[in-house]
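A quick write-up on the structure given underneath.
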Amino acid sequence: MISRNRRLRANDSIRSLVRETNLTTNDLVLPMFVMEGNNKKEAISSMPGVFRQSLDLTVQTVKENYDLGIKAVNLYMKVSDNLKDNTGKEAWNPNGLMQTTIKAIKDAVPGVVIMPDVALDPYSMYGHDGIIKNGKIDNDSTVEALTKMGISLAEAGADILAPSDMMDGRVLAMREGLEENGFTDVGILSYAAKYASAFYGPFRSALDSAPVDAQEIPADKKTYQMDFHNSREAIDEALRDVEEGADIIMIKPGMPYLDIVSKIRELITQPIAVYQVSGEYAMLKAAAQNGWLDNDKVLIESLTSIKRAGADMIFTYAAPEVAKLLNR
Ligand code: PBG
């Protein structure tokens, strides 16, 4: 035998020399759940180790994680029911929780990249990412609302808007809105290929944002999020968002969709973000808590596989503990 592949696997030094993918803290983005109040911290039962926190504790957590090497945070608000309606107008309240949170983080940790979520579901009385008209999610009025939200978040100090709504044409509308208002340096990370996935369950309970059960509204998000049977359609979504002016393209969920990541990687030059979503996190944690999987090893392996598929950055709830593992 002339060729023996095992030669380059003989020991850790050799393996590290020929390693094709390296996971570092530079790759990590931390999604965070923020709630009203002071000194408040609530556990999310289906996401062990993840909390909803009030603003003061959120700022502290951002700082701690920045010191660990995590340079970007992705923000979600838990909005109280009395602020929710069909238009989602609380989303562009200049004194809203998201806007206040962005300002406070900017003040305390100016180096961190702030990526707020842009979508109406936490603000919608129906738990949908769009405005409902005649029993349907209305694309164009939703895009107008999202653009208002985006501009309001840019005014508060957001660095990169992260629209997760999957309406058509929202990247272009948001880009134009930002330009017209002088926010030429605010970027857009668009959830280009976001699938209608059952893996979002724990996230929706964290924010109490699941579509409500009512006759007159759609029961699920399948008219805007992608059908998980499809892959060519994801390519079309990604190319379109790039054309509309997206700076970074998101594919979501992560592990069950690595084929999509690797295909899109071949076709665009823009950076790719992948979201290891709440359900993926919950699966890994549940198995680890039962002693069925090695927590640290599966976290590193799962994130490395996402990077190997072509991700430049990964949104993961495990970012703090993974940063600690990587810094060891
Ligand atoms: C909503 C949004 C969702 C997630 C991020 N933004 C849920 C959904 O689309 O219903 C899911 C994230 C996760 O599961 O970790 N715009």
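The values are calculated or read from the model by the stated rules, or taken from the named source; none is laboratory data. None of these values were measured; they are calculated from a predicted model. Neighbour counts are summed over all protein chains in view; Cβ atoms, including those assigned to glycine, are modelled from backbone coordinates with ideal geometry. Just the protein is used for accessible areas: all its heavy atoms, side chains included, with ligands, DNA and RNA removed. Shrake-Rupley method; radii C 1.70, N 1.55, O 1.52, S 1.80 Å.
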**Item:** Residues of segment 72-85 classified as surrounded by fewer than 17 Cβ atoms within 10 Å (Cβ to Cβ) and in a loop (DSSP other than H, G, I, E, B), total
**Value:** 1
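So, Gly245, is that one more than 19 Å from the chain's Cα centre (by Cα) and not charged (D, E, K, R) or not?
no
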**Message:** Given the condition polar (S, T, N, Q) and open to solvent by 10 Å² or more (accessible area, probe 1.4 Å), answer yes or no: does some residue in segment 111-125 qualify?
**Reply:** no
**Prompt:** Has segment 287-296 got any residue that is within 16 Å of the ligand (Cβ to nearest atom) and open to solvent by less than 50 Å² (accessible area, probe 1.4 Å)?
**Reply:** no
**Prompt:** Does Lys106 fit the bill of being free of Cβ contacts under 8 Å to residues at least 12 places away in the same chain and either of a type in the set (D, E, K, R) or open to solvent by 50 Å² or more (accessible area, probe 1.4 Å) (or both)?
**Reply:** no
**Request:** Confirm whether Glu36 is at pLDDT 95 or above, closer than 24 Å to Tyr200 by Cα and surrounded by fewer than 16 Cβ atoms within 10 Å (Cβ to Cβ).
**Result:** yes
**Item:** Every residue from segment 216-265 that is open to solvent by less than 20 Å² (accessible area, probe 1.4 Å), in a helix (DSSP H, G or I) and among the small types (Gly, Ala, Ser)
**Value:** Ala234, Ala238
**Asked** How many residues are more than 10 Å from the ligand (Cβ to nearest atom) and either open to solvent by less than 20 Å² (accessible area, probe 1.4 Å) or of a type in the set (Val, Ile, Thr) (or both) when one looks only at segment 188-210?
**Response** 5
**Prompt:** Arg7 is checked against (1) open to solvent by 90 Å² or more (accessible area, probe 1.4 Å); (2) assigned to a loop (DSSP other than H, G, I, E, B) and fails just one. What number does that condition carry?
**Reply:** (2)
**Request:** Would you point out the residue of segment 152-165, among those that are open to solvent by 10 Å² or more (accessible area, probe 1.4 Å) and within 14 Å of Leu189 (Cα to Cα), that is nearest to the chain's Cα centre (by Cα)?
**Result:** Ile160
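With the condition being within 15 Å of the ligand (Cβ to nearest atom), I'd like the helices (runs of 4 or more DSSP H) fully within segment 87-187 carrying at least 2 qualifying residues.
Numbers: elements: 97-108, 139-156, 170-180.
Here the list reads 139-156, 170-180.
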**Prompt:** Going by the conditions given, is Asp213 more than 10 Å from the ligand (Cβ to nearest atom), surrounded by fewer than 17 Cβ atoms within 10 Å (Cβ to Cβ) and outside any loop (DSSP other than H, G, I, E, B)?
**Reply:** no
**Message:** I'd like to check something: does segment 303-321 contain any residue that is open to solvent by 10 Å² or more (accessible area, probe 1.4 Å), within 13 Å of the ligand (Cβ to nearest atom), farther than 30 Å from Asn86 by Cβ and not aromatic (Phe, Trp, Tyr)?
**Reply:** no
**Asked** Would you call Ile272 within 20 Å of Asn74 (Cβ to Cβ) and either open to solvent by 20 Å² or more (accessible area, probe 1.4 Å) or away from the ligand (no atom under 16 Å from the Cβ) (or both)?
**Response** yes
